[in-house]
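Just below is one structure, and these are the notes that go with it.
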Amino acid sequence: MSTDYTTIRWKLMNKPKTLTKKDIVALTDLITEKLGYEAPDKPPKAPKKKKESKGRKQATPKDDPYQEVFKRSPNQGGAITPKYIVIHDSYGSHDGTRAWILDDASNVSYHYLIDSKGNRTQFVADRKRAWHAGKSKWKGKTGLNGTSIGVAFWGNTYERTPNTKEIDSCARKCIYLMKKFNIGIDGILTHAMIAPGRKTDTSPETHEKVLAKVRKLLGD
Ligand SMILES: [Zn+2]
């Protein structure tokens with residue numbers, strides 16, 4: 001599904017009133033990519049806002065023992081077809097990160113954030129664009145926000161290794177997404193891999209732990 005920017009451009013120049021909501025979302029996505037919206041590499045400060053509700057509980061596969069809630073982030077764009085999973089460090093505390101993603105001033109979002117018990121919050125639907133990758137490139141294609149799902153551990157994984165539950169939860173979510181979108185294990189990337197020289201998250205040790213767990217759960 002490719003966007004017909006030529007037609008959108010023509011409408012914009014000649015008959016802007018004929019722009020559909022879909023056209024506007026496509027234009028916004030283009031601008032967002034240009035602005036390089038992505039997850040930051042310094043600890044996010046929790047905005048001083050009233051406490052957000054926890055979110056809506058959502059179903060997970062039978063063999064996934066973790067709880068998952070959906071709490072919509074305002075920081076998101078149009079439809080995507082996921083081909084990759086990008087693992088991040090949030091650099092902040094779990095709650096600070098969560099508040100940051102829910103704040104429309106941050107221009108940041110992941111699809112999923114994992115807490116210390118392995119429970120997850122989903123902020124952006126799997127088929128919608130979250131703003132986590134920024135200027136990025138993989139296999140010759142740029143702008144990974146348009147083709148990937150962002151999954152974050154809280155904190156800095158060079159300073160704290162995520163515990164067994166966090167790794168297990170991440171691996172199970174990866175497997176769910178791999179099956180849903182026909183992604184291979186080589187499609188599980190890190191922010192560092194798609195933005196080398198600019199980003200260092202997630203630590204290779206953490207990435208390898210997730211991959212090892214995925215392989216084990218899949219029986220490879
Ligand atoms: Zn990152």
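Bear in mind these aren't lab numbers, they're just calculated from the coordinates by the rules spelled out. Since the structure is predicted, the reported quantities are computational estimates derived from the model, not experimental observations. Here the Cβ is made from the backbone with ideal geometry for all residues, glycine too, and neighbour counts use every protein chain on show.
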Between Asn182 and Thr164, the two model label points (7 Å from Cα along the beta-carbon direction) sit apart by a distance in nm of 3.7 nm
Expected vector for the range 142-148, Karplus 3J(HN,Hα) from phi with 6.51, -1.76, 1.60 and θ = phi - 60°, integer Hz, x for Gly and Pro, equals 9, x, 5, 4, x, 9, 9
Plugging the Cβ-Cβ distance of Arg72 and Asp41 into 1/(1 + (r/R0)^6) at R0 = 22 Å yields, to the nearest 0.05, a FRET efficiency of 0.35
One computes Rg over Rh for the chain from alpha-carbon atoms, with the Kirkwood Rh, and obtains 0.98
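Report for the chain the percent antiparallel among DSSP-assigned beta bridges with both residues inside it, nearest 5.
40 percent
Calculate, for Lys17 and Ala79, the FRET efficiency according to 1/(1 + (r/R0)^6) with r their C-beta to C-beta distance and R0 22 Å; round to the nearest 0.05.
Here the calculated transfer efficiency is 0.40.
Take the alpha-carbon positions of the range 167-220, form their convex hull, and give its projected area averaged over all directions (one quarter of the hull surface) in nm².
Approximately 3.6 nm², given one-decimal rounding.
Taking 22 Å as the cut-off for C-alpha to C-alpha distance, list the pairs among Lys34/Lys139; Lys141/Lys199; Lys139/Lys216; Lys22/Lys54 that go past it.
Over 22 Å apart, Cα to Cα: Lys139/Lys216; Lys22/Lys54.
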Amide H contacts under 5 Å for Ile80, restricted to residues at least 5 apart in sequence or on another chain and with H modeled in the peptide plane, are Lys128, Arg129
Of the listed pairs Lys71/Lys128; Lys51/Lys173; Lys51/Lys165; Lys11/Lys128; Lys17/Lys128, those with alpha carbons more than 18 Å apart are Lys51/Lys173; Lys51/Lys165; Lys11/Lys128; Lys17/Lys128
Computed for the chain: size of charge dipole around the Cα centre, +1 on C-beta of each Lys and Arg, -1 on C-beta of each Asp and Glu, debye to nearest 20, value 780 debye
Checking the range 121-184 for chymotrypsin sites (Phe, Trp or Tyr not before Pro) in a loop per DSSP with at most 11 other beta-carbon atoms within 10 Å yields none
For the range 187-192, Karplus-derived ³J(HN,Hα) couplings (6.51, -1.76, 1.60; θ = phi - 60°; whole Hz; x for glycine and proline) come out as x, 8, 10, 10, 4, 4
Where a ≥ b ≥ c are root eigenvalues of the Cα gyration tensor, a/c under 1.5 meaning rounded, otherwise prolate if a/b exceeds b/c and oblate otherwise, the range 96-220 counts as rounded
Low-density loop trypsin sites (Lys or Arg not before Pro), the range 179-220, at most 15 other Cβ within 10 Å, DSSP non-H/G/I/E/B, are Arg198
Most exposed to least, judged by fewest other Cβ atoms within 10 Å, Tyr66, Tyr110, Tyr84 sort to Tyr66, Tyr84, Tyr110
Once Thr60 and Arg127 are pulled to full extension, the length gained, defined as 0.36 nm per residue separation minus their Cα-Cα distance, is 22.5 nm
